[in-house]
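Here is the structure we will look at.
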Amino acid sequence: MHQAFQKIIYKVVTCILLVSIITTGTPSKAMAATIMEVSAYNQVRDRYTNMIYYNIKIHALEDLDISKLEIGYHIEEDTSIPTPNFYCDYCGVVGNNQNDNITQKLNGRVYLYNTPKYPKYVYRMEVTFDEDSGFIKKNSTLEVKVRFAKPDWSIFDQSNDYSFIPDATDYTSDRSNFLIEYDGDYIY
């Protein structure tokens, strides 16, 4: 019964995807989300901190080209701030006979994301990957551990940050505030 149900679901999803591609030329964003599962948490969950630590895992449901991934994190500030410094503590792929450290292939930056809306400023931490970063094989997981801080180490107030997950003490997928793009399509 379970396998029969899976086959029916697979056929329905395939039909929806084909209709989406035929009518729009690209897979729908909802369908694109079927290629990965995402979970994340903030290592420091205090409202006030001088460094934002973000840990995220991307579990591949099919082979994924890492260079096509973009991970975002949004913070909100009351005033303009000097561009925060970006740090990557670790980036690697594990599982399914993979154990690849690709920390050196990760690129990160933090920048003012939009025109300031009175009275807030939104900054984006953005993670991208080199062209030769490889693949996350199906059933393997990419783990990324990044952080950023203001140049003078002054305090962030995380309470209004779009991407902040204050209640997660470990990786959680129960969050709508992930910012993930794959091959130019917004996934989460």
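The values are calculated or read from the model by the stated rules, or taken from the named source; none is laboratory data. Values in this document were obtained by computation on a predicted structure and should not be read as measured data. All Cβ positions, glycine included, derive from the backbone under ideal geometry; neighbour counts span all protein chains shown.
When both residues are 6+ apart or on different chains and their Cβ atoms are under 9 Å apart, which pairs have a first residue that lies in the range 78-100 and is in contact (Cβ under 8 Å) with a residue 24 or more places away in the chain and surrounded by 14 or more Cβ atoms within 10 Å (Cβ to Cβ), and a second that is hydrophobic (A, V, I, L, M, F, W, C) and in a loop (DSSP other than H, G, I, E, B)?
That search, which allows pairs on different chains as well, returns C91/I102; G92/I102; V93/I102.
Using the structure shown, decide if D174 is part of a loop (DSSP other than H, G, I, E, B) and within 15 Å of the chain's Cα centre (by Cα).
yes
Kindly establish whether Y111 is farther than 20 Å from Y188 by Cβ, out of contact with any Leu (no Cβ under 6 Å at 6 or more places or on another chain), without any contact (Cβ under 8 Å) to a residue 60 or more places away in the chain and loosely packed, with under 14 Cβ neighbours inside 10 Å.
Yes: the conditions hold for Y111.
Could you identify the single residue in K105, K120, K150 that is touching a residue at least 24 places away in the same chain (Cβ under 8 Å), of a type in the set (K, R) and closer than 18 Å to T49 by Cβ?
Sole residue among the options that is touching a residue at least 24 places away in the same chain (Cβ under 8 Å), of a type in the set (K, R) and closer than 18 Å to T49 by Cβ: K150.
Taking the conditions exactly as written (out of contact with any strand residue (DSSP E or B) (no Cβ under 6 Å at 6 or more places or on another chain), surrounded by 14 or more Cβ atoms within 10 Å (Cβ to Cβ) and touching a residue at least 12 places away in the same chain (Cβ under 8 Å)), does I75 satisfy them or not?
Taking the combined requirement at face value, the residue does not satisfy it.
What number goes with the only condition from (1) polar (S, T, N, Q); (2) assigned to a strand (DSSP E or B); (3) touching a Pro at 6+ places or on another chain (Cβ under 9 Å) that N99 does not pass?
N99 satisfies every listed condition except (3).
Take R147 and tell me if it is at pLDDT 90 or above, crowded, with 17+ Cβ neighbours inside 10 Å and assigned to a strand (DSSP E or B).
The answer is yes for R147.
Take the conditions of a type in the set (K, R), assigned to a loop (DSSP other than H, G, I, E, B) and either under 21 Å from Y53 (Cα atoms) or over 17 Å from the mean Cα position of the chain (by Cα) (or both) and apply them to K138. Does it pass?
Yes; evaluated as a whole, the condition is true for this residue.
Among the residues of the range 37-74, write down those that are outside any strand (DSSP E or B) and not β-branched (V, I, T).
Listed by number, the residues that qualify are Q43, R45, D46, R47, N50, M51, L61, E62, D63, S67, K68.
Please pick out the residue among S154, S140 that is more than 23 Å from I102 (Cα to Cα), at pLDDT 90 or above and not β-branched (V, I, T).
Just one listed residue meets the conditions, S154.
Only one of these conditions is not met by S163: (1) of a type in the set (G, A, S); (2) surrounded by 14 or more Cβ atoms within 10 Å (Cβ to Cβ); (3) not in a loop (DSSP other than H, G, I, E, B). Which number is it?
(3)
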